[in-house]
Amino acid sequence: MQKITDVFKTDLHESLKDKQIDPSMLSPFQKILLIADGTLTNILEVFLNEPIGVIKLSEEIISVTEDILPLEIKVGTEVMKRQILLQGKISQQNWLYANSMIVLKRVEEKFRKKLIESHIPIGKLWVKHKTETFKEIVNYAKEPAGYLSDYFEIKEADKLLSRTYRVFSNRQPVMMITEKFPDNYFF
């Protein structure tokens with residue numbers, strides 16, 4: 001009989017294969033951040049022992065100019081594009097960058113309004129509004145920080161780990177989120 005830890009190692013190694021990410025070089029917490037299907041805000045708050053807030057970098061409502069297959073939407077569909085940082089409220093440290101694309105017609109109006117008006121992380125809004133969600137990770141990556149380096153006070157060539165996932169509600173993809181953090185964080 002195969003041990004659960006062996007199954008976990010196999011699944012994780014398979015998931016990260018060809019992504020330039022060696023799971024043996026990741027801390028246990030980095031592995032959790034990459035594969036967790038819960039809200040990262042709560043996980044970060046526990047690990048860092050500080051409340052986490054949202055810093056909105058940009059937020060705009062647009063009509064897409066091409067079909068987006070992972071979200072199952074066609075040209076002309078209205079979406080909200082949003083870029084945020086998850087920042088420690090005590091340390092003022094930026095811990096995670098995220099960009100998201102949200103299909104507005106697929107989220108309830110109260111949720112949409114809070115998303116626009118507040119600085120509450122999406123995961124906490126799901127809980128507050130009792131939104132049933134299912135997350136499907138579609139990609140992992142390790143890439144140069146580039147312009148995001150300034151947010152983390154690292155060099156442009158330093159690496160970020162990331163994951164991209166789709167969020168389903170009512171059996172429809174309602175958003176796609178990419179979350180990134182420096183590969184030297186969380187050891």
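The values are calculated or read from the model by the stated rules, or taken from the named source; none is laboratory data. Note that this is a predicted model, so its numbers are computed, not measured. Neighbour counts are summed over all protein chains in view; Cβ atoms, including those assigned to glycine, are modelled from backbone coordinates with ideal geometry. Keep in mind that these areas ignore ligands, DNA and RNA; they rest on the heavy atoms of the full protein, side chains included. Shrake-Rupley method; radii C 1.70, N 1.55, O 1.52, S 1.80 Å.
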Number of positions in the stretch 145-165 that are of a type in the set (Gly, Ala, Ser), in contact with a strand residue (DSSP E or B) (Cβ under 8 Å, 6 or more places away or on another chain) and closer than 19 Å to Gln30 by Cβ: 2
Any hit, the stretch 67-76, residues being exposed (fewer than 13 other Cβ atoms within 10 Å of the Cβ) and part of a helix (DSSP H, G or I): yes
Members of the stretch 16-29 that are farther than 20 Å from Phe152 by Cα, assigned to a helix (DSSP H, G or I) and either open to solvent by less than 40 Å² (accessible area, probe 1.4 Å) or modelled with pLDDT under 70 (or both): Leu16, Pro23
Options Lys110, Lys128: the member that is out of contact with any Lys or Arg (no Cβ under 7 Å at 6 or more places or on another chain), surrounded by fewer than 13 Cβ atoms within 10 Å (Cβ to Cβ) and either closer than 17 Å to Leu71 by Cβ or of a type in the set (Lys, Arg) (or both): Lys110
The stretch 80-96 - residue that is assigned to a strand (DSSP E or B) and of a type outside the set (A, V, I, L, M) and, of those, farthest from Ile62 (Cα to Cα): Gly88
Test for Asp183: is it buried (at least 16 other Cβ atoms within 10 Å of the Cβ) and among the charged types (D, E, K, R): yes
Test: residue in the stretch 30-42 that is small (Gly, Ala, Ser), closer than 28 Å to Val127 by Cα and modelled with pLDDT under 90: yes
Among (1) farther than 18 Å from Leu85 by Cβ; (2) in contact with a helix residue (DSSP H, G or I) (Cβ under 6 Å, 6 or more places away or on another chain) - the single one Asn139 does not satisfy: (2)
Criterion: more than 17 Å from the chain's Cα centre (by Cα), open to solvent by less than 40 Å² (accessible area, probe 1.4 Å), closer than 17 Å to Thr178 by Cβ and in contact (Cβ under 8 Å) with a residue 12 or more places away in the chain - qualifying residue of Val54, Val103, Val64: Val64
Subset of the stretch 143-174 (residues that are over 22 Å from Glu78 (Cα atoms) and open to solvent by 70 Å² or more (accessible area, probe 1.4 Å)): Pro144, Tyr147, Asp150, Tyr151, Glu153, Lys155, Glu156, Ala157, Lys159
Enumeration of residues in the stretch 111-141 that are within 14 Å of the chain's Cα centre (by Cα) and among the charged types (D, E, K, R): Lys124, Lys135, Glu136
